[in-house]
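Presented below is the structure to which this report refers.
Coordinate-derived values only; no laboratory data. Keep in mind that this is a model prediction, so the values were computed, not measured. Cβ: placed from backbone, ideal geometry, glycine included. Neighbour counts: every protein chain shown.
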Amino acid sequence: MTDAAQPVDVETHARVARKIDIVVIGAGQAGLSSAYHLGRLGLAPHRQYVVIDRSPQPGGAWQFRWPSLTLNTVNGIHDLPGMRFSEAVDTSKGEVHAAVAVPQYYGAYEKAFGLPVRRAVAVKVVCDRGERFRVETDDGAYAARGIINATGTWEAPYIPPYPGAERFKGHQLHTKDYQSAAQFAGQHVLVVGGGISAIQLLDEISQVTSTTWVTREEPAFRDEPFTPEVGRAAVAMVEDRVRRGLPPGSVVSVTGIPVTPAIMAARARGALERQPMFAEMTENGVRWSDGRELAVDVILWSTGFRSALDHLAPLQLRNADGGILMTGRLATQVAKDPRIHLVGYGPSASTIGANRAGGAAARELADFLHLT
């Protein structure tokens, strides 16, 4: 039998991993910034680095945000390196919906710089194979020398456990599931959470139906303008935590919640009369520790997200506290394995921080792997 006629072991062939230097996981702000800088360092797209993204189109998590979220209500969309937002999106014609505008910008950015993004491809697991990592996806595998993980938090919504949760017969959902206030018309909605997203959704819902707002701690509103000093203090706080191996903390306690005209209007309607956190859930609502009860139809958990890192679990990066000890110039490098960088984690979770972290991670990893 000639070589050409030899039978092919399909299962073995499917397990063959494509060798590449760096795999970037995620094509949101942090992932695109990392890919841009890898290209600027002279690495060849597709041959030396690739970006794997599970989303069906450009835009990162923004494409899944609720339709009413506009650019003038978000914290800010920071320009990616090398291209201003205004070069791809016309923001002069009234309200611009974030779920449309950001994907438009990211798509133009990927095209302009020829970024090697593969989608819709999900990374299932990453394992250490000695000199290389094996990156298993639902469309083949890669044998990578280094990893820049930029998966963010959108895929890991957090709902805290509360006694009686299994008894509650109403509807529960997370910020990730929210679409519009109209879906709650005629129902009493309990909004849980003290962050900016919680207040934005509370503002919308309270205009169409009755609401109650509960938070674990007293919300910190900021009447004065947001300054660079405030921003740096917030980033420094989170960076200090991850450099000590602690889980990243919330920055709202440092930055505060900006008091916008919408928040002032919500205050005037009485929608921001905050209640302390309840002690347990009942069949029809919630009960506080003093015995007071409230019947509600819906509980909207606006309680944030956790870093989406389950695919890295075999690498055992977390310590006993659940944090990951970080090092490097901008705290993107995993101390346990310098071949791994986490961008969009800890101090680089903001859009501004993601840009700087992407550049730092690309340079540090390329230098460590002797690619430049």
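Starting from the 7 Å offset along Cα-to-Cβ, what nm value, one decimal, do you get for the label separation of HIS78 and ALA165?
So the two model labels end up 3.2 nm from each other.
Relative contact order for segment 120-168: what is it in percent, counting Cα pairs under 8 Å that are at least 6 residues apart?
23
Note down the nm distance, to one decimal, between modelled labels 7 Å out along Cα→Cβ at ASP321 and at ASP240.
Modelled inter-label distance: 1.2 nm.
Could you tell me which of the pairs LYS124/LYS176; LYS124/LYS336; LYS111/LYS176; LYS176/LYS336; LYS19/LYS176 are separated by over 26 angstrom between their Cα atoms in the structure shown?
Going by Cα-Cα distance, LYS111/LYS176; LYS176/LYS336; LYS19/LYS176 fall outside the 26 Å limit.
What does the helix-only formula give at 222 nm for the chain: each DSSP H stretch with n ≥ 4 adding -39500 (n - 2.57), the total divided by the residues, and the result rounded to the nearest 500 deg cm²/dmol? The partial results should precede the final answer.
Details: 8 runs with 91 residues, N = 372.
Rounded to the nearest 500, it is -7500 deg cm²/dmol.
Which angle between 0 and 90 degrees, to the nearest 10, do you get for helix 228-243 versus the longest principal axis of the chain when only C-alpha atoms count?
Helix 228-243 sits roughly 60 degrees off the main axis of the chain.
Taking the 0 to 90 degree range and rounding to the nearest ten, how far is the long axis of helix 196-206 tilted relative to the main principal axis of the chain, both from C-alpha atoms?
50
Relative to the first principal axis of the alpha-carbon coordinates of the chain, what is the inclination of helix 29-40, with its axis defined by its Cα atoms, in degrees from 0 to 90 and to the nearest 10?
30
Give the distance, in whole Å, between the Cα centre of segment 101-135 and the Cα centre of segment 269-331.
Taking the Cα centre of each part, segment 101-135 and segment 269-331 sit 29 Å apart.
Local charge sum around THR137 (other residues, Cβ-Cβ under 13 Å, Lys/Arg +1, Asp/Glu -1)?
Cβ neighbours under 13 Å give a net charge of +3.
Could you work out the relative contact order of segment 160-269? I mean the mean sequence separation of Cα pairs under 8 Å and 6+ apart, divided by the number of residues, in percent.
Values: 101 pairs, mean separation 25.8, N = 110.
In percent, rounded to a whole number, it is 23.
Working out 0.36 nm times the residue gap between THR260 and GLU280, then minus their Cα-Cα distance, what length gain in nm do you get to one decimal?
Going from the current span to full extension adds 3.9 nm.
Suppose we keep just the DSSP beta bridges with both residues in the chain; what percent of those would be antiparallel, to 5?
Antiparallel bridges make up about 40 percent of those DSSP assigns within the chain.
Figure the gain on full extension for VAL208 and GLN179 (residue separation times 0.36 nm, minus the Cα-Cα span) and round it to one decimal in nm.
So the chain would gain 9.0 nm between VAL208 and GLN179.
What whole-number value in cubic angstrom gives the convex hull volume per residue for the C-alpha atoms of segment 89-184?
Value for segment 89-184: 188 Å³ per residue.
Just to confirm a number: summing +1 for Lys and Arg and -1 for Asp and Glu over residues other than GLY359 whose beta-carbon lies under 11 angstrom from that of GLY359, what do you get? Could the numbers behind the result be given before it?
Values: positive: ARG40, ARG329, ARG356, ARG363; negative: GLU364.
Net charge in that neighbourhood comes out at +3.
May I have the pair-distance distribution P(r) for the chain, computed from all Cα-Cα distances with 20 Å bins from 0 and rounded to whole percent?
Reading the bins upward from 0: 26, 53, 19, 2, 0.
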